[in-house]
Amino acid sequence: MTRTNELGQPIGDAVPGWTPRPRPGRGPVAGRYCRLEALDPGRHARNLFEANTQDTVGRMWTYMGYGPFARLDTYTAWAESAAASEDPLFHAIVDQATGKAVGVAAYLRIEPGVGVIEVGHIAYSPILQRTPAATEGMYLLMRRVFDELGYRRYEWKCDALNAASRGAAERLGFTFEGIFRQATLYKGRNRDTAWYSVIDREWPQRKAAFEAWLDPSNFDGVGRQRTRLAR
């Protein structure tokens, strides 16, 4: 039932006891297949650069506002700038088996006062793509936002033409909310932005789906999933 005020106008649900949420910290988060670490150029840049070079045509950079990087020194310079930022707050995704960083993701547009945060700058090397660690990295980021920090809303935005990113958002349990036309410019071209979100009341169901999918019993002897990730 829709609430109304004393004037008979419809108003939103009450949010009793709300207080601003903490900003995400830089501490590590460990999973079964990967761990999140605050981006550290000294520890991560070389491994990330080498992993990224396996994408020989630069496909992973098409919809990013930067890249590809032809040389280690230019990638390291980017990583130094990224690591110094508080918003976006960049993380390296480290393969638990090898101890090497194989991808990057960040929290951004962090709004503690209203409990909203976005995930973005997702740069998965070919080593990380389509692996259990790729999904677990997204799960660990989302789990910190909802379980540890108590945010209300988790956002995913991408170029509306980026079919791979849109498919990933839907697979990970985000709800499509619409297209912001001519939202920005990058690399000399227009970007219409597709918006997705997960909100706090949806998280328990999403969390259970992630944990069932990530369980080792869901993978056969060569690492193929037995069942797909489902909401």
Quiz item: Relative to the longest principal axis of the chain, what angle (0 to 90°, nearest 10) does the C-alpha long axis of helix 72-83 take?
Solution: 20 degrees
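Over the residues of the range 7-135, compute the C-alpha Rg and express it relative to 2.2 N^0.38 Å.
Values: Rg = 17.7 Å, N = 129, 2.2 N^0.38 = 13.9 Å.
Ratio of Cα Rg to 2.2 N^0.38 Å: 1.27.
Can you compute the equivalent ellipsoid semi-axes for the range 115-188, i.e. the square root of 5 times each eigenvalue of the Cα gyration tensor, sorted largest first and rounded to whole Å? Don't skip to the end; give the middle numbers.
Details: eigenvalues 89, 66, 25 Å².
They are 21, 18, 11 Å, listed largest first.
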Exercise. Kindly sort MET142, MET64 by accessible area of their heavy atoms, largest first, with the probe set to 1.4 Å.
Key: MET64, MET142
Exercise. For the range 95-231, just list the percent of Cα-Cα distances falling in each 10 Å bin from zero outward, please.
Key: 11, 39, 37, 12, 1
Exercise. Largest first and to the nearest Å, give the Cα extent of the range 149-190 along each principal axis.
Key: 37, 20, 17
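If you rank TYR33, TYR75 by how much accessible surface each has, with a 1.4 Å probe, what is the order from largest down? Please report the intermediate quantities before stating the final value.
Details: TYR33 50, TYR75 5 Å².
Output order, biggest surface exposure first: TYR33, TYR75.
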Quiz prompt | Sparse-neighbourhood loop sites, trypsin sites (Lys or Arg not before Pro) in the range 119-176 - DSSP loop, at most 15 other Cβ within 10 angstrom | solution = ARG130
Self-check item: Acute angle (nearest 10 degrees) that the helix 203-214 long axis makes with the longest principal axis of the chain, alpha-carbon atoms
Solution: 30 degrees
Quiz item: Roughly how many Å² of TRP195 are accessible to a 1.4 Å probe, to the nearest 10?
Solution: 50 Å²
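Trypsin sites (Lys or Arg not before Pro), restricted to the range 1-108: which are DSSP loop and have at most 13 other Cβ atoms within 10 Å? Numbers along the way, then the final one.
On the way: sites: ARG3, ARG26, ARG32, ARG35, ARG43, ARG46, ARG59, ARG71, LYS100; in loops: ARG26, ARG32, ARG71, LYS100.
Sites meeting the loop and neighbour criteria: ARG32, ARG71.
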Self-check item: Angle in degrees between helix 132-143 and the longest Cα principal axis of the chain, rounded to the nearest 10
Solution: 40 degrees
Practice problem: For LYS207, list the lysines whose Cα falls under 29 Å from its own Cα; do not include residues on the same chain fewer than 8 positions away. | Solution: LYS100, LYS157
Quiz item: For Cα extents along the principal axes in Å, which listed value, (1) 64, 46, 32; (2) 68, 47, 29; (3) 55, 42, 39, comes from the coordinates shown?
Solution: (1)
Self-check item: Listed residues HIS91, HIS121 arranged by accessible area, highest first, probe 1.4 Å
Solution: HIS121, HIS91
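The values are calculated or read from the model by the stated rules, or taken from the named source; none is laboratory data. Being a predicted model, the structure only gives us computed values, none of them experimental. Neighbour counts run over all protein chains shown; Cβ positions are idealised from the backbone, glycine included. The protein model used for the area step is the full one, side chains on, heavy atoms only, and it has no ligands, DNA or RNA in it. Shrake-Rupley method; radii C 1.70, N 1.55, O 1.52, S 1.80 Å.
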